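Below: the structure, in structure tokens.
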Amino acid sequence: MSQLLEKSVHCPFCDAPLTLLVDDSAGTQQYTEDCHVCCQPIDVTIWEDNAGDLSVTVEQE
Ligand SMILES: [Zn+2]
């Protein structure tokens, strides 16, 4: 059963706190999301670590 998880990150451009909704059944994903505050494109990478937990990395595109 898929579930949406809330992951808290900070914008790599303006450091604003952001909440991302992550589908935990989709595994490793990469997409671009615009920051709600500064409107810069954020590179979002979601990956499963060795323990099976999802981690989120945000980078400047
Ligand atoms: Zn921002």
Which of the residues belonging to the range 14-61 are part of a strand (DSSP E or B) and acidic (Asp, Glu)?
-> 23, 33, 34, 43, 48, 59
Within the range 9-28, considering residues that are closer than 17 Å to residue 49 by Cβ and loosely packed, with under 14 Cβ neighbours inside 10 Å, the one modelled with the highest pLDDT = 28
Do the conditions hold for residue 5, that is, is it open to solvent by 50 Å² or more (accessible area, probe 1.4 Å) and either at positive phi or not acidic (Asp, Glu) (or both)?
-> yes
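Which residues, taken from the range 40-58, are exposed (fewer than 11 other Cβ atoms within 10 Å of the Cβ) and either within 16 Å of the ligand (Cβ to nearest atom) or polar (S, T, N, Q) (or both)? Even if it seems obvious, please write down each step before you answer.
As a first pass, look at the range 40-58 and keep what is exposed (fewer than 11 other Cβ atoms within 10 Å of the Cβ): 49-53.
If the condition is that a residue be exposed (fewer than 11 other Cβ atoms within 10 Å of the Cβ) and either within 16 Å of the ligand (Cβ to nearest atom) or polar (S, T, N, Q) (or both), then 50 is the only one that fits.
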Quickly run through the range 19-50 and pick out the residues that are closer than 16 Å to residue 61 by Cα and touching a Ser or Thr at 6+ places or on another chain (Cβ under 9 Å).
-> 29, 30, 31, 41, 42, 43, 44, 45, 46
Pairs where the first residue, in the range 6-18, is within 15 Å of residue 61 (Cα to Cα) and the second is more than 11 Å from the ligand (Cβ to nearest atom) and part of a strand (DSSP E or B), C-beta under 7 Å, 6+ apart | 12/59
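The values are calculated or read from the model by the stated rules, or taken from the named source; none is laboratory data. Keep in mind the model is a prediction, meaning the values are calculated, not measured. Cβ atoms come from the backbone with ideal geometry, glycine included; neighbour counts cover every protein chain shown. With ligands, DNA and RNA removed, areas are computed over all heavy atoms of the protein, side chains included. Shrake-Rupley method; radii C 1.70, N 1.55, O 1.52, S 1.80 Å.
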